[in-house]
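Take a look at the structure set out below.
The values are calculated or read from the model by the stated rules, or taken from the named source; none is laboratory data. Every value quoted in this text rests on a predicted model; they were computed, and no experiment measured them. All Cβ positions, glycine included, derive from the backbone under ideal geometry; neighbour counts span all protein chains shown.
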Amino acid sequence: MHTAFLATPGGMIMLFQSPTLKTCQVLVDEFRLAPQPFEPEKLRFAGVGDRDVYNISAPFVDEGEWVIAGRVEARDSEQSEVYFFVERDGVWVPREGAPVFALQDPFVSRIHGQLVFGGVETFPHPVFVGEHSWRTVFYRGPNIRRLEKFAEGPDGMKDIRLVELKDGSIGVFTRPQGEKGGRGKIGFTRIFSLDELTPDVIEAAPILDAQFTDEEWGGVNEAHLLANGLVGALGHIACFDEQGNRHYYPMVFVLNPETMERSELELLALRSHFLDGPAKRPDLANVVFSGGLIRKGDGTAELYAGVGDAEAQKISLIDPFAKYEAQELDRMYASV
């Protein structure tokens, strides 16, 4: 076993160690002792009738304009569409002429100069009559207007995310369930072209161990390439309580894609840090679903998230990746 260190003017700081398996409750208890997020704000949406907008992406630039992709859905339904919104006088409205996709939980990234967009597609279950299954689908193009479908993930898998790595290869985070992943664990693999993104490649990704107990689950929602080549993963960890209520917490970890070493999970916020608001159902009242992170460059960041499966908010916090990006990764390793 080895531990990687970060070289700093003051000496060596432990960067990665063998991760400790921690439950949601342990992470919550640890987080209460950490710097707390601040300045929560609800995002205002219009132009979609009385439907809710939640599980949004962070804002991204498309054709010189800031855009948010958001899940749009009636409160009593899960038949959702993804709209692209632009801000007008403090309100986010559907972008004129932008496509609308029959998807859930959108995400965006930039790979090899292209915009990559995706979401979760639902379809009738092939075995169980009256039930639905799902898959992640991917589109690419120079901009939103010219997106074309190019790949899909395995049936039954959400939370597949892509990031362009420092050497030009593509990191792929996966989220298998069932025999391989239980309620949901995170995997990681690398490909060299978007054309290599196939269900078989995604299924074969090795699991990152020691992240979730068998009773809990999680996934990656967005991945950031850090300046030193490490990957900052924004995700969620989730669990049920004794009453069957769901608890989703935004979390981060950092991965060295060369060695597969990684940091421990850290929470970013609790539901109580956000403004009060509605929930889709009572059992979803404590759900915060990470959407994206805007790193401000001043040591802070803004987390964009879906709250209660009913609305979208953002909140400011200490940039969780800055401490890992502060210096170049030292190639020295110390045995422990």
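Given the condition of a type in the set (A, V, I, L, M), more than 26 Å from Lys280 (Cα to Cα) and in contact with a strand residue (DSSP E or B) (Cβ under 9 Å, 6 or more places away or on another chain), answer yes or no: does some residue in the stretch 68-87 qualify? For the stretch 68-87, residues of a type in the set (A, V, I, L, M), more than 26 Å from Lys280 (Cα to Cα) and in contact with a strand residue (DSSP E or B) (Cβ under 9 Å, 6 or more places away or on another chain): absent.
Rundown of residues vs (1) basic (Lys, Arg); (2) without any contact (Cβ under 8 Å) to a residue 24 or more places away in the chain; (3) at positive phi, yes/no style:
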| position | (1), (2), (3) |
| --- | --- |
| Glu148 | no, yes, no |
| Met157 | no, no, no |
| Val163 | no, no, no |
| Lys166 | yes, no, no |
| Gly171 | no, no, no |
| Arg175 | yes, no, no |
| Lys180 | yes, no, no |
| Arg183 | yes, no, no |
| Ile186 | no, no, no |
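Number of residues in the stretch 42-59 that are in contact (Cβ under 8 Å) with a residue 60 or more places away in the chain and not charged (D, E, K, R) equals 9.
Across the stretch 75-109, what is the number of residues that are exposed (fewer than 14 other Cβ atoms within 10 Å of the Cβ) and not aliphatic (A, V, I, L, M)?
Filtering the stretch 75-109 down to residues exposed (fewer than 14 other Cβ atoms within 10 Å of the Cβ) leaves 75-79, 88-91, 96-97, 100, 102.
After this cut, where a residue has to be not aliphatic (A, V, I, L, M) as well, the list is 75-79, 88-90, 96-97.
Count: 10.
Among the residues making up the stretch 33-69, those that are in a loop (DSSP other than H, G, I, E, B) and farther than 24 Å from Met251 by Cα are Arg44, Ala46, Gly47, Val48, Gly49, Asp50, Arg51, Glu63, Gly64.
Filtering the stretch 1-55 to residues that are surrounded by 13 or more Cβ atoms within 10 Å (Cβ to Cβ), of a type in the set (Phe, Trp, Tyr) and modelled with pLDDT of 95 or more leaves Phe31, Phe45, Tyr54.
Each residue in the stretch 188-208 was checked for being touching a Pro at 6+ places or on another chain (Cβ under 9 Å) and touching a residue at least 60 places away in the same chain (Cβ under 8 Å), and 2 pass.
Results for (1) under 18 Å from the mean Cα position of the chain (by Cα); (2) modelled with pLDDT of 95 or more, shown as yes or no for each residue.
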| position | (1), (2) |
| --- | --- |
| Val91 | no, yes |
| Glu96 | no, yes |
| Val108 | yes, yes |
| Gly113 | no, yes |
| Phe123 | no, no |
| Pro126 | no, no |
| Thr136 | yes, yes |
| Pro142 | no, yes |
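Taking each residue of the stretch 72-94 that is at positive phi and looking for partners that are surrounded by 12 or more Cβ atoms within 10 Å (Cβ to Cβ) with beta-carbon atoms closer than 7 Å, six or more apart or interchain, yields Gly90/Arg44. Taken over the stretch 191-209, the criterion of being farther than 21 Å from Asp155 by Cβ, touching a strand residue (DSSP E or B) at 6+ places or on another chain (Cβ under 9 Å) and surrounded by fewer than 16 Cβ atoms within 10 Å (Cβ to Cβ) is satisfied by Phe192, Ser193.
Where strands (runs of 3 or more DSSP E) fall entirely within the stretch 78-133, those with at least 2 residues that are closer than 23 Å to Leu197 by Cβ and among the aliphatic types (A, V, I, L, M) are at 104-111, 114-124.
Take the conditions (1) assigned to a strand (DSSP E or B); (2) under 19 Å from Ser263 (Cα atoms); (3) in contact with a helix residue (DSSP H, G or I) (Cβ under 8 Å, 6 or more places away or on another chain); Leu234 misses just one of them, which is (3). Counting only residues that are in contact with a Gly (Cβ under 6 Å, 6 or more places away or on another chain) and farther than 13 Å from Leu162 by Cα, the stretch 220-232 holds 1 of them. Selection of first residues in the stretch 118-143 that are under 30 Å from Gly64 (Cβ atoms) and of second residues that are of a type in the set (Phe, Trp, Tyr) and part of a strand (DSSP E or B), restricted to Cβ pairs under 6 Å at least 6 apart or on distinct chains, gives the following pairs, ordered by first then second residue: Gly118/Phe107; Gly118/Phe138; Val120/Trp134; Phe138/Phe150; Tyr139/Phe117; Arg140/Phe150.
Val72 meets each of the listed conditions (1) in a loop (DSSP other than H, G, I, E, B); (2) closer than 17 Å to Gly277 by Cβ apart from (1).
Out of all the residues in the stretch 241-293, which are within 30 Å of Gly229 (Cα to Cα) and basic (Lys, Arg)? Outline the logic, then answer.
Our first condition is that a residue be within 30 Å of Gly229 (Cα to Cα); within the stretch 241-293, this holds for 248-270, 288-293.
Of everything in the stretch 241-293, just one residue is within 30 Å of Gly229 (Cα to Cα) and basic (Lys, Arg), namely Arg262.
Count of the stretch 167-187 residues, restricted to those that are among the polar types (S, T, N, Q) and not in a loop (DSSP other than H, G, I, E, B), is 1.
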